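Have a look at the structure below, then the notes.
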Amino acid sequence: MSRRMSIAIALTVVLLVLALLSLWFESVAGAVVAGLLILWAWASALWERLPPYPRRRATNYVVLALSYGATGLGLMCLALILATLIWNGLGAVSLDFFTESTPASGNTGGGMLNAIYGSAVMTLVGTLVGSPIGILAGTFLAEYGRGNKIAPVIRFINDILLSAPSIIVGLFIYELIVLRTGHFSGWAGSAALAILVVPVVVRTTEDMLNLVPGSLREAAFALGTPKWRVIVTVTYRAAMQGMLTGVMLAVARISGETAPLLFTAVNNQFWTTNMNDWMPNLPVAIFQFALSPDANWQQLAWGGALLITVTILGLNILARVLTSGRSFGR
Amino acid sequence: MADVALNRSAESPRSAWFDGVFKAATWFFAVAILVILGAIIVSLLISALPAIGRFGFGFFVSTAWNPVKEDFGALPAIYGTLITSFFAMLIGIPVMFGVALYITELCPRWLKRPIGTMIELLAAIPSIIYGIWGLFVFAPWFQSGIEPWIIDTFGGIPLVGALFNAPPLGIGYFTAGLILAIMVLPFMASVTRDVFETVPTMLKESAYGIGATTWEVMWNIVLPTTRIGVIGAVMLGLGRALGETMAVTFVIGNAHQLNLPVLMPGTSISATLANEFAEATTVMYRSSLFYLGLILFVITFIVLAIAKTLLIRLQQRAGG
Amino acid sequence: MVRTMKLLGALAVTVGLLSTPAMAAGLSGAGGTAIYPVLSKWAEQFKNETQTAVNYQAIGSGGGIAQIKAKTVDFANSDKPLTPDDLKAAGLVQFPAVIISITPVVNLEGVKPGEMVIDGPTLADIYLGKITDWDNAAIKKLNPNMKLPHTKISVVYRSDGSGTTFNFTDYLAKMSPEWKQKVGSDTSVSFPVGVGGKGNAGVAQYVNQIKGAIGYVEYAYVQENKMTYTRMINAAGATVEPTLATFSAAAANADFSKVEDFYLILTNQPGKDSWPITAATYMLMRKDYPAAQNGGVLKFLDWCLKKGQEQAKALAYVPLPDSVVKQVETAWTKELIGPDGKPEWQGN
């Protein structure tokens with residue numbers, strides 16, 4: 001008797017007992033499921049009895065069907081989420097949405113102008129601060145890092161930072177900036193976002209710089225150019241598209257981040273341009289509005305969610321399109 | 001290739017001096033990354049010290065969470081983090097294989113790029129969107145359609161039933177795990193796909209040549225070759241799932257209890273931090289939250305370190 | 001390269017112009033979600049009249065207390081009053097602003113707002129997890145004419161540090177010795193069963209979503225979102241509806257003149273018209289803030305106490321009676337003294 005056969009028999013006995021117990025405990029559905037499992041155990045035992053070639057073909061078909069199903073599932077989830085966003089959010093998007101500030105609870109109308117502005121400013125500042133750090137650090141890893149013992153360590157640490165939970169970064173900035181200055185501020189929020197930008201830009205810069213062919217550099221060196229000039233005028237220029245794509249991806253990443261802003265910039269009901277003040281921003285506003293029972297606020301939350309998603313997806317698609325046509329040497 | 005050894009001094013001494021400045025600047029910012037991480041760890045440690053002093057390692061096994069009596073325990077939060085990530089992996093790994101298999105072997109050429117892009121677009125959706133989608137769309141559907149069926153079916157079975165006996169809330173460990181699965185799927189699938197594509201075509205063609213089915217090629221050739229990379233991809237997904245905050249906060253139910261039924265609500269470390277940080281009035285409360293954050297950071301660190309080591313080993317193998 | 005530098009420089013200047021060196025002329029506050037519906041309306045009107053923006057973040061009473069202790073906000077709000085000792089230790093002063101009421105809400109098929117009746121001991125048993133189904137005998141006894149389905153009860157409570165929780169659990173502790181002993185009452189307690197929602201809004205959200213749910217929220221949330229509220233049986237044994245009249249009846253018993261620092265818990269007030277779960281919500285201020293800062297806050301609070309009352313009543317908050325407002329103003333003059341010895345409140 002084959003091993004599978006004996007397993008099937010053993011399983012049948014166990015499951016029959018379970019099925020009887022389930023009926024005893026009045027779970028008809030449980031008995032049905034036990035019955036199905038018994039059937040499955042026998043089917044897989046009998047599977048073995050098939051002649052080899054049909055069996056292999058059958059196995060193949062089952063697996064392929066499952067992987068079609070898996071991909072279909074993934075795509076369906078994407079479609080569902082986007083459909084929900086569009087269905088719920090489109091109703092909120094109007095001229096008012098872009099021109100009015102967030103309303104008080106219980107009011108009708110209003111928009112997300114202050115949140116959009118605050119998010120845009122903090123993203124801009126965070127990117128402006130984080131990108132140069134990231135680019136220069138990436139340059140170090142690519143251009144000066146070979147043979148240097150510290151470079152692999154920095155690469156490793158960079159990947160840790162890349163995947164670190166963003167809420168931890170928020171806590172860090174709370175301790176570092178909010179408690180020291182004594183108040184929440186847009187600056188603190190931007191600082192948290194900058195820390196999130198740096199690892200992304202380091203990673204993409206290093207990858208892009210490594211892709212620049214050595215012949216370009218050698219040609220420049222052969223003309224007597226100092227190293228820094230080679231990097232800045234030749235290598236950077238060759239990799240510029242890729243590096244900008246990296247910055248774009250970083251922007252896409254921080255636009256949707258909520259957790260780091262929860263304890264740094266918090267949110268603001270009113271319009272403000274003062275970075276020293278609590279800065280309104282889309283993600284935290286969506287967080288507050290979505291969790292409230294106020295129907296108007298929920299509508300605005302969906303609208304904001306649609307806006308963020310469209311922006312981020314757009315940036316990602318743009319980045320993809322730009323890198324697909326990349327070439328080096330002009 | 002990048003570091004051609006022609007470090008020739010330039011035409012003028014001023015340029016040569018700037019060479020040193022530039023190199024120093026890049027070095028400075030590279031080291032800054034180390035400093036940032038170090039600062040984060042140190043800051044977490046310092047803030048967590050009072051709690052570490054008071055609770056020590058008992059923190060890991062205590063289920064108390066009483067801000068009034070200042071008695072805190074991490075077990076419900078750690079359990080919630082681990083079990084939601086477990087569900088995310090349970091559901092995500094098979095789907096990851098399915099997607100990677102489809103894209104590398106089954107997909108027509110012209111469809112490869114678009115489908116790959118679409119799966120990666122799932123990664124671009126910010127986590128708060130997953131949170132509100134989970135709460136407003138998925139949870140009600142789950143609560144009215146699927147959950148009662150699960151509870152009726154499996155709740156009655158002796159032994160196993162205890163895992164399913166719960167009021168149908170729609171939110172809880174399982175829902176959070178499901179949402180996390182959808183979130184980490186794109187990372188894992190695209191890394192797995194990249195890893196599958198490193199398998200030399202020659203190997204696969206030889207297997208096809210002697211009549212192997214697609215599945216047999218996958219199982220006997222591709223997977224053994226890419227074993228390390230696949231594990232690395234899984235670890236990356238796991239790292240992401242462990243630290244995810246917003247998606248989990250919306251659908252896990254915020255109950256500081258250790259519940260056995262998988263459909264019950266609970267809490268995770270990041271959800272606890274997001275919910276309670278703003279109102280931690282006392283030093284011990286705040287310190288306990290930082291202690292939780294430190295634990296999360298350490299767990300993520302370990303998982304990521306393992307993933308990186310595995311991926312480096314794969315690269316070394318592929319390189320030669 | 002030079003062009004890029006110029007561009008970056010221009011950007012930096014723009015960003016610099018966007019921020020002013022000091023804090024804006026606005027005020028910042030943090031605290032409970034119970035007062036948020038009316039406070040946000042007050043802030044809106046105050047801004048229209050005086051151009052001063054009052055930015056309030058409803059993060060829970062516990063959060064408000066934490067933030068004002070950390071000096072990150074100008075004022076805080078809490079539904080749980082601090083004891084006189086705590087106030088002295090932290091250098092804070094507190095005064096009531098308005099009286100809130102807490103209502104149980106349910107989500108049950110076929111049950112209309114105001115249809116169900118519930119009392120304190122039953123509520124405590126539900127929250128203890130002793131009553132698990134809606135058709136339990138205890139609930140049936142209170143609602144003999146209702147068809148109660150055999151649905152599991154899903155308990156919803158506050159996951160954040162909340163003064164609403166404080167008052168609700170205080171009421172449960174008064175109604176059930178078992179609750180008092182097992183769980184107690186505070187802004188954050190270990191609820192034996194249920195899910196936690198963030199803020200009054202989160203609880204309302206969960207109750208609306210989960211069939212068979214029961215929760216407790218401040219009445220303004222019930223009104224704004226048309227939730228299914230229940231009636232309650234008060235200390236005098238009468239069944240009362242949650243309305244401004246019953247809230248006011250309960251609030252009429254509040255005698256702040258006899259207590260120190262306005263510390264008064266208003267749950268389970270006597271009187272046949274009184275709503276059982278009411279509370280005063282307090283504003284907290286720091287004594288050591290500069291006179292100008294506190295002066296700004298006091299200007300806002302004075303506006304709320306006098307001009308904001310109609311808004312409050314529209315949302316079923318009970319305004320403080322005039323005698324109490326005078327007591328609050330006296331407290332301002334006595335407690336908030338600037339470094340020059342002169343009170344920071346100049347009166348209007």
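The values are calculated or read from the model by the stated rules, or taken from the named source; none is laboratory data. Note that the coordinates shown come from a computational prediction; the quantities given were computed from them, not determined experimentally. Cβ atoms come from the backbone with ideal geometry, glycine included; neighbour counts cover every protein chain shown.
Overview of results
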quantity	calculated
Residue that is farthest from C:Lys141 (Cα to Cα), among those in region C:210-240 that are free of Cβ contacts under 8 Å to residues at least 40 places away in the same chain and surrounded by 19 or more Cβ atoms within 10 Å (Cβ to Cβ)	C:Asn225
Residue in region C:264-271 that is over 21 Å from the mean Cα position of the chain (by Cα), within 19 Å of C:Pro104 (Cα to Cα), surrounded by fewer than 20 Cβ atoms within 10 Å (Cβ to Cβ) and not basic (Lys, Arg) present	no
Region A:151-186, residues that are assigned to a helix (DSSP H, G or I) and either among the polar types (S, T, N, Q) or on the phi > 0 side of the Ramachandran plot (or both)	A:Asn158, A:Ser163, A:Ser166, A:Thr181
Residues of region B:117-145 classified as among the β-branched types (Val, Ile, Thr), crowded, with 21+ Cβ neighbours inside 10 Å and at pLDDT below 85, total	1
Matching helices (runs of 4 or more DSSP H) fully within region B:218-279 where at least 2 residues are farther than 30 Å from A:Glu175 by Cβ	B:223-243
Tally of residues being under 19 Å from the mean Cα position of the chain (by Cα) and not in a helix (DSSP H, G or I) across region C:23-43	8
Condition met for A:Val251 (within 20 Å of the chain's Cα centre (by Cα), more than 20 Å from A:Ala83 (Cα to Cα) and more than 9 Å from chain B (Cβ to nearest Cβ))	yes
Filtered residue count, region B:202-222, keeping only those that are at the interface with chain A (Cβ under 10 Å from one of its Cβ atoms), over 32 Å from the mean Cα position of the chain (by Cα) and among the aliphatic types (A, V, I, L, M)	1
Residue in region A:135-149 that is aromatic (Phe, Trp, Tyr), without any contact (Cβ under 8 Å) to a residue 40 or more places away in the chain, facing another protein chain (nearest Cβ under 9 Å) and under 28 Å from A:Glu257 (Cβ atoms) present	yes
Selection from region C:44-86 of residues that are under 16 Å from the mean Cα position of the chain (by Cα), free of Cβ contacts under 8 Å to residues at least 40 places away in the same chain and more than 10 Å from chain B (Cβ to nearest Cβ)	C:Tyr56
Residues being in contact (Cβ under 8 Å) with a residue 60 or more places away in the chain and either more than 23 Å from C:Trp275 (Cβ to Cβ) or of a type outside the set (A, V, I, L, M) (or both) - total across region C:99-114	8
Residue check, A:Val321 modelled with pLDDT under 85 and either hydroxyl-bearing (Ser, Thr, Tyr) or under 22 Å from B:Gly243 (Cα atoms) (or both)	no
Considering residues of region A:201-212 that are β-branched (Val, Ile, Thr) and farther than 15 Å from B:Ala32 by Cβ only, the residue nearest to the other protein chains (Cβ to nearest Cβ)	A:Val212
Region C:205-221, residues that are under 14 Å from the mean Cα position of the chain (by Cα) and at pLDDT below 90	C:Ala220, C:Tyr221
Residue tally, condition in a loop (DSSP other than H, G, I, E, B) and either under 20 Å from the mean Cα position of the chain (by Cα) or of a type in the set (A, V, I, L, M) (or both), over region C:288-313	1
Given (1) touching a strand residue (DSSP E or B) at 6+ places or on another chain (Cβ under 6 Å); (2) assigned to a helix (DSSP H, G or I); (3) not small (Gly, Ala, Ser), index of the condition B:Leu292 fails	(1)
Hey, A:Gly256 at the interface with chain B (Cβ under 8 Å from one of its Cβ atoms) and at pLDDT below 90 or not	yes
Test for B:Pro114: is it more than 8 Å from chain A (Cβ to nearest Cβ), under 18 Å from B:Thr249 (Cβ atoms) and surrounded by fewer than 23 Cβ atoms within 10 Å (Cβ to Cβ)	no
Single unsatisfied condition, B:Ser127 versus (1) farther than 30 Å from A:Ile177 by Cβ; (2) within 24 Å of the chain's Cα centre (by Cα); (3) facing chain A (nearest Cβ under 10 Å)	(1)
Residues of region C:241-262 that turn out to be surrounded by 21 or more Cβ atoms within 10 Å (Cβ to Cβ) and of a type in the set (Val, Ile, Thr), as a count	1
Of all residues in region C:90-118 being part of a loop (DSSP other than H, G, I, E, B) and in contact with a Gly (Cβ under 9 Å, 6 or more places away or on another chain), the one that is farthest from C:Arg231 (Cα to Cα)	C:Glu109
Selection within region B:94-106 - surrounded by fewer than 24 Cβ atoms within 10 Å (Cβ to Cβ) and either under 22 Å from A:Thr311 (Cα atoms) or more than 8 Å from every other protein chain (Cβ to nearest Cβ) (or both)	B:Thr104, B:Glu105
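Let's see how each residue does on (1) out of contact with any Gly (no Cβ under 9 Å at 6 or more places or on another chain); (2) outside any loop (DSSP other than H, G, I, E, B):
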| residue | (1), (2) |
| --- | --- |
| A:Tyr61 | yes, yes |
| A:Ser67 | no, yes |
| A:Met76 | yes, yes |
| A:Trp87 | yes, yes |
| A:Val93 | no, no |
| A:Gly109 | yes, no |
